[in-house]
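Below you'll find the structure, written out as structure tokens, and then a few comments.
The values are calculated or read from the model by the stated rules, or taken from the named source; none is laboratory data. The model shown is predicted, which means the values in this text are computed figures rather than measured ones. Here the Cβ is made from the backbone with ideal geometry for all residues, glycine too, and neighbour counts use every protein chain on show. Accessible surface is based on the protein model in full, side chains and every heavy atom, while ligands, DNA and RNA are left aside. Shrake-Rupley method; radii C 1.70, N 1.55, O 1.52, S 1.80 Å.
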Amino acid sequence: MFRSCIKRSISMSLPKPQMRGLLAKRLRFHLPIAFGLALFAAATFKFTVTEPRKQAYADFYKQYDAMKEFNSMKEAGVFESVRPSGE
């Protein structure tokens, strides 16, 4: 008698697990969070990495002289098809 009483109280206290629609319920909760975090990560990457990198390239090429660089490499003997001025 004691065992049946314990069995009944244990089985009465545990609710049945929800199996039907569990994925849809979890997706309704987690999908907007994942989308929001991905959007935040993309915006953070854009403004902390790509924008400063684009600005650094723009600053570099404002003062870059391709002919001056070519002449310095030519004088250093980097190119096989162009001889330095001293030769």
### Task
Would you work out the charge dipole size for segment 25-85 about its Cα centre, treating the Cβ of every Lys and Arg as +1 and the Cβ of every Asp and Glu as -1, and quote it to the nearest 20 debye?
660
### Summary
Straight-line reach check, Lys25, cutoff 28 Å on alpha carbons, 8 or more apart in-chain or any other chain, hits among lysines -> Lys16
### Message
Ordering Lys25, Lys16 by accessible area with a probe of 1.4 Å, largest first, what comes out?
### Response
Lys16, Lys25
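Could you rank Val78, Val49 by how accessible they are, 1.4 Å probe, largest area first?
Values: Val78 90, Val49 45 Å².
Result of the area sort, largest leading: Val78, Val49.
Under 1.5 on a/c is rounded, so check that first for segment 28-87, then, if it is not, pick prolate when a/b is larger than b/c and oblate when it is not; a ≥ b ≥ c are the square roots of the alpha carbon gyration tensor eigenvalues.
prolate
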